[in-house]
Each structure stands twice: as C-alpha cells, then as structure tokens.
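See structure below.
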Amino acid sequence: MSDAIVMASPPGLNLDARQRAMLDEMGIKVWWPAAVVAPQPLPLASNRAAVEASPVAAPRPVRAPALISAPASAPAPASAPHAVANGAAAVLVDAPRRLYFDGEASANQGGWLIVADMPPDTDGRHGEPFAGDAGKLLDNMLRALQLHAGALPVHVMRTHRGVASGREDSPQPFAESFLSQAEALAPRVILAMGPLAAQSLLQSTEPLGRLRGRASPMAALNGVPVVATYHPAYLLRNMADKARAWADLCLAADQGAP
C-alpha cells in the first residue's frame, strides 16, 4: 500500500492554481493544498522487463501559471549596422602627402604609407608633419631607417575624428576614401602610428598594445602588410616604449624591403 495521502479540499472551495496565485498576491493565504495525483501502480512482473527495456523519459518541468496571460510579442527587427551615428564624429583621413620629395620625377608607388593620428590645429588646419617635438621624433625615426634618402617613396596620411566638410581638399571619411587613395600608391607596407589609425586599418577595437608587434595583411588592399606602432607624441610621454616602437619599425622595414 502506498504511503501517499490525498487530501481533498472542503466542499464549495474548488480553487485552481491560477486562483490560488491571485489570492496569494492579494495577501490571502489558502491552507488547503491542491489535490495530489495518486501514484501509478507498479507494473506487473510479466510487463516489468518490457518497461525496463524501454527508454525512460525525463520528467517534464512544471511551470507556475502566469497571473495574467499576455500574447507573445514578435522580436523587434535588428537595426542595420552603421559606422557612426548621425551627427557623431567620424574617422577622417586626409589625402596622402609625399615626404622627402625633392621635386624631381620619381615613382610614387611601391614604397611606405604611414597613417598617423594627427588632429588638426585649433584653426582646423593641419600643420607640417615634422612640426613640433613629435614631428622631429618622427623624422628621426624615419631617418634611422634611411627612408629620407628617397630610394623608396614615403607618403603620410593623417587621420583624426571630426565631421567632414564636404570640400574636396578637406579630410574625407576613412571608410569612403582610404582604399581608393591607397590603391593609387600601391605601397609595400603600411605603418599605422597611433590607436585610431591602427584600429581603423585593422578593423579592430583592441588596444594598440595588442595590435602592435606583428604584420597583419590587409585583405582589402591585396594583402599589403600593416604594422601598428606607437605615435611619436605618445613616445615623448612614455620613453620606456621607444624600444618596442623601434622593434615595430624594424618589422615594417623587413616587410617593405625591395
């Protein structure tokens, strides 16, 4: 005989689970439990082998009934991704500029392309690439690689955040103008100096410290290797990272060697 006890509710008080939940929310406790389902009798000995051989289904979880049933709403469609929200500052890049150019006829392709974080001055115009202490350090770094000799063309493209003015001679959105301008130069190697340049070129949100130290092929530009490193202005404030920056430059020189 089973030990289970079945307690019936008093006559006239037949409450279902939803009514009990509503009374509980109102602070009214109902002490008469719901009817307990009587246990199923054990199978006969003749059928026990068949029962044991059949797969046992997992018990179905019991869900508490909702107080108010509401129709399930369809999920909202995902909005189309976009680079920058309306009115926000976009990543801009200006036209490439030749460095160490003596004015004589020479090839513009097959050299170095430097993409560096260089925000404009307070008047909105860009200064000279080698202006100030950061510019002098950049010049020293490139001269240490003998790039000033002119054996290979060296171009620089300055990038920063801002709002495009729409003029042809002003910086343009990076995503719209970089590839077309870089393809015309057909560089052997691209040196990204600064976090904004590195993240824009490598399509990554990782910090610069994780992006540097390796050559990453840029698939959109026929696999041209991109080497990320610190910006000269950063190196002036963090002298200990100069050795890492020099290692990055040597890696870029290996990639861009004729």
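Coordinate-derived values only; no laboratory data. Computed from a prediction, not measured in an experiment: that's the story for all the values here. As a convention, Cβ positions derive from the backbone with ideal geometry for all residues, glycine included, and neighbour counts pool all protein chains shown.
For this structure, a couple of remarks:
- Placing unit charges on the Cβ atoms only, positive for Lys and Arg and negative for Asp and Glu, gives the stretch 90-255 a dipole magnitude near 460 debye about its Cα centre.
- Net charge over other residues, Cβ less than 14 angstrom from the Cβ of Ala90 (K, R count +1; D, E count -1): -1
- Given R0 = 30 Å, the distance between the Cβ atoms of Asn222 and Gln146 translates into a calculated FRET efficiency of 0.70.
- Rounded is the label for the stretch 90-255. Its Cα gyration tensor axes, ordered a ≥ b ≥ c, give a/c under 1.5.
- Unit charges at the beta carbon, dipole of the stretch 90-255: most positive-side option, Pro120, Thr159, Asn140: Asn140
- Around Pro173: net Lys/Arg minus Asp/Glu count, Cβ-Cβ under 12 Å: -1
- Environment charge of Ala131, counting only residues whose C-beta is closer than 11 Å and scoring Lys/Arg +1, Asp/Glu -1: -3
- Extension gain for Phe130 to Ser204 (0.36 nm times residue separation, less C-alpha to C-alpha distance): 23.8 nm.
- Extreme residue, positive dipole direction of the stretch 90-255, given options Leu202, Gln181, Leu99 (C-beta unit charges): Leu202
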